[in-house]
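The block underneath contains the structure these notes are about, expressed in structure tokens.
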Amino acid sequence: MIHVLDPVEAGQLRGVSRFAAAIVKLFTLDLYDDAELERKKIAAMFAMFITSPAPETPLEPTEEDLEVEPGQVVRLDPGEDVSTPATPDSGGTYEPFQYRTLLQIAAALGIPYGYLTGDTAKGNFSNTRISLIEFRRRISAWQHGVLVYQLCRAVWARWMDTAVLSGVLDLPGYDSQRRQYLACAWLPTKWDWIDPMKDASAEIVQIEAGLKSRTQALSERGYDAEQVDREIAAERKRELALGLDFRRPGSPAQGPGEGGAKDADQESNKDDEADDTGDEKPDAKEGA
């Protein structure tokens, strides 16, 4: 059994639940919802009240309760009156209380309010993006600092040892070079944004300016740069054999001078076609 925990002090052997900071608020919110639901159920039991004058004999049994049906006509005795109950309503305090309590729970758990409740009507694009950036930074730190070291690396080492000892994998010098064989890169899934066009354009600008490498950009997307380069090389080789080219003119994917060479080839082809058809215009000096 692997016990994954995020230690907060030296020598800690047991982790603290993420819900520890919000468990009281969650319990209070659950009680409040149950109380509101019970009040609604009690209020729905009473349709109306019939007020009658005091009976002449106090011990005289009262009439049974009437059941109201749609379109029913009920005849009342003289002196009786019908009134509807003024049932208490949650009013305008229920939703604000829910919202503030859920905000406190989200802050205690370290989760944006929209992620916790699925309510996207309370925030706009700017503040939602700010909260998501901070949330994703914390999650990325937890992935690389806790999950990879305590779970992924342990499972990977145990799997490699078992595969080598059972003979499934034949790795020469595994005993002396175990550290080299176990070395690997952990690439989590990329976070997607609402506007991927702007993010891709920003990455291209950073790569062209030398602020970021292609390897770093691909690693942030959850891909291996060497594998992607091999796939691109294989696709370009296949496209060249078939006479295809899906790259935009002037894009960074084209090599230096490829776009100009293609334009020059197109111009030469046009000139050759013009020579074959004989549609060239005579030079004015030659005619003279």
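The values are calculated or read from the model by the stated rules, or taken from the named source; none is laboratory data. Since the structure is predicted, the reported quantities are computational estimates derived from the model, not experimental observations. Here the Cβ positions follow ideal geometry from the backbone for every residue, glycine too, while neighbour counts run over all protein chains shown.
The helices (runs of 4 or more DSSP H) found wholly in region 130-213 and carrying at least 2 residues that are within 30 Å of G114 (Cβ to Cβ) occupy 196-208.
Residue-wise test of (1) polar (S, T, N, Q); (2) surrounded by 10 or more Cβ atoms within 10 Å (Cβ to Cβ); (3) assigned by TED's automatic domain parsing to the domain that holds A107; (4) touching a residue at least 12 places away in the same chain (Cβ under 8 Å).
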{"residue": "M1", "(1), (2), (3), (4)": "no, no, no, no"}
{"residue": "L5", "(1), (2), (3), (4)": "no, yes, no, yes"}
{"residue": "E9", "(1), (2), (3), (4)": "no, no, no, no"}
{"residue": "A21", "(1), (2), (3), (4)": "no, yes, yes, yes"}
{"residue": "V24", "(1), (2), (3), (4)": "no, yes, yes, no"}
{"residue": "D30", "(1), (2), (3), (4)": "no, yes, yes, no"}
{"residue": "D34", "(1), (2), (3), (4)": "no, yes, yes, no"}
{"residue": "E38", "(1), (2), (3), (4)": "no, yes, yes, no"}
{"residue": "M45", "(1), (2), (3), (4)": "no, no, yes, no"}
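For region 117-128, residues that are surrounded by 13 or more Cβ atoms within 10 Å (Cβ to Cβ) and either over 14 Å from the mean Cα position of the chain (by Cα) or not assigned by TED's automatic domain parsing to the domain that holds L26 (or both) total 4. Is at least one residue of region 166-179 surrounded by 12 or more Cβ atoms within 10 Å (Cβ to Cβ), out of contact with any Cys (no Cβ under 6 Å at 6 or more places or on another chain) and acidic (D, E)? Checking region 166-179: not a single residue is surrounded by 12 or more Cβ atoms within 10 Å (Cβ to Cβ), out of contact with any Cys (no Cβ under 6 Å at 6 or more places or on another chain) and acidic (D, E). Scanning region 1-55 for residues that are polar (S, T, N, Q) and at pLDDT below 85 yields Q12, T51, S52. Given the structure, is S131 surrounded by 15 or more Cβ atoms within 10 Å (Cβ to Cβ), in contact with a helix residue (DSSP H, G or I) (Cβ under 9 Å, 6 or more places away or on another chain) and farther than 26 Å from M1 by Cβ? So S131 fits the description; yes.
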